[in-house]
1. If I model a spin label as a point 7 Å beyond the Cα along the Cα-Cβ vector, how far apart are those points for ARG235 and ARG406 in nm?
2. Near the amide H of TYR40, under 5 Å away, which other amide H atoms are found, from residues 5 or more places off or on another chain, if H is placed in the peptide plane?
3. When the Karplus curve 6.51 cos²θ - 1.76 cosθ + 1.60 is applied with θ = phi - 60°, which whole-Hz ³J(HN,Hα) does each residue of the stretch 368-385 get, with x for Gly and Pro?
4. Taking the structure as given and computing Rg and Dmax of the Cα atoms in Å, which label from (1) 41.2, 125; (2) 37.2, 118; (3) 21.5, 72 fits?
5. When only C-alpha pairs under 8 Å and at least 6 residues apart count, what is the relative contact order of the chain, in percent?
6. For a 22 Å ceiling on Cα separation, which of these pairs sit above it: LYS182/LYS211; LYS283/LYS404; LYS203/LYS248?
7. Nearest 10 degrees, 0 to 90: what angle lies between the long axis of helix 305-322 and the longest principal axis of the chain (Cα atoms)?
8. For the stretch 2-114, what class follows from the C-alpha gyration tensor (a ≥ b ≥ c being the square roots of its eigenvalues): rounded when a/c is under 1.5, otherwise prolate if a/b is larger than b/c, else oblate?
Amino acid sequence: MVENFSAKDILENLTVGVALIDQEFNIFYTNNLITEITGYTLNDISTLQEWFEAAYPDSALRNEVQDDFFTKIKKGSYKDVFKIKTKNSGYKYIEFRVKELNNKKLMVNIIDVSKRKSREKEIATIKNRLELAVDAAEIGIWDWNIKNNQTYYNRFWTEMIGYQEDELAQTIYTWFDLIYAKDELKIKENLQAHLSGETDLYKCEYRLESKNGDLIWIRDVGKVITRDNKDNPERAIGIHININEYKKREKRIEYLSFHDDLTGLYNRRYLENEMRRLSESRKYPISIIVGDLDNLKAVNDNYGHQMGDEYIVKSSHVFEEVLRSEDIAARTGGDEFAILLPETDHEDVKQICQRIQNNFAKYNKQSEFPAEFKISLGHSTMKNKEIDPFLVYNIADQNMYINKGRK
């Protein structure tokens with residue numbers, strides 16, 4: 001079978017361009033693919049020198065390529081990639097492979113690698129942009145070889161937790177050792193779900209212990225990029241973003257959404273949420289106290305709102321002195337307060353009201369304020385979940401106004 005094919009048939013059907021050159025560097029054969037790639041035919045270029053002149057119009061580059069070629073071909077082979085000018089005045093990236101044959105002739109193989117070079121250039125551009133973005137955003141990068149647990153951490157990864165690159169070992173155990181103990185379980189669950197293929201991405205927010213002992217909030221995002229033939233993960237890469245300031249702001253916003261800014265007590269929204277929650281609990285009986293400062297308007301009118309604010313703040317201190325940690329005190333209006341008392345019956349809430357009044361009287365004796373520091377209180381108790389907590393609140397509010405009217 002093989003003898004039925006001539007050498008020319010074989011050369012014409014190769015997937016690489018082929019040129020044959022004799023000892024005097026005359027080109028005596030080129031296959032069709034050479035012409036397809038470069039545009040040149042044997043009639044256009046018949047010597048190696050003509051090839052250099054056509055392909056490399058810049059004399060400096062041409063001389064450099066020629067010198068390199070003739071130096072390396074003495075060793076019997078040559079391989080390189082160059083940007084050449086084609087016959088239609090375009091340019092292509094060509095990979096040249098030259099080998100000296102037994103009869104001192106040269107066989108040149110050429111491969112059009114323009115698309116590959118274009119992709120490499122595109123990848124390099126994207127990589128450069130990513131590096132700039134990483135530098136600008138100070139993003140930490142990790143690259144985990146899951147088989148041997150070697151892990152690359154870039155400079156920003158280490159610096160965001162206070163270390164220099166050479167202070168931390170490049171292994172996965174470095175990361176494990178820095179994780180805050182209370183966050184270990186959620187990290188393990190999220191990571192295992194991704195490694196097993198349950199999730200497309202590994203994502204988690206948690207705390208790492210910094211060099212000085214502070215806890216730093218991290219947003220961690222990663223992905224397995226290679227798996228073996230049994231679908232076991234082999235390599236994963238990801239990023240660390242320092243979200244410490246974001247978490248502080250988030251915590252502050254959460255605090256403000258449920259707290260009164262002046263006193264630090266809870267606000268009406270939080271109180272009502274807790275009333276609903278406790279009404280479904282087993283913490284009965286539950287009592288509610290509603291309070292209203294007696295003469296705040298007169299204080300504001302006569303001494304200014306700053307003095308009125310001092311009365312309000314001092315009231316919150318009285319509640320904090322009297323109440324238990326599980327009790328919930330809230331400022332529900334300008335001079336209005338409410339207290340939610342789980343596991344507190346009618347007799348207990350009466351005693352708590354009396355202690356509050358006694359503390360107000362104590363501050364009056366200290367003469368801290370230009371006008372009397374007094375509060376009217378009302379209370380009510382619900383014994384079981386059959387009673388609407390908001391009805392109990394309204395009863396306590398009505399009782400407060402009854403007591404205020406008696407003064």
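Since every read-out is calculated from the coordinates, none of them should be taken as a lab result. Note that the structure is predicted; figures quoted are calculated from it, not measured. For neighbour counting, all protein chains shown are included, and Cβ atoms are generated from backbone atoms with ideal geometry for every residue, glycine included.
1. 8.1 nm
2. For TYR40, the qualifying residues are LYS87.
3. For the stretch 368-385, the Karplus curve yields 6, 10, x, 10, 4, 9, 9, 9, 9, 10, x, 9, 7, 10, 10, 8, 7, 6 Hz.
4. (1)
5. 9 percent
6. LYS283/LYS404
7. With both axes taken from Cα atoms, the answer is about 90 degrees.
8. oblate
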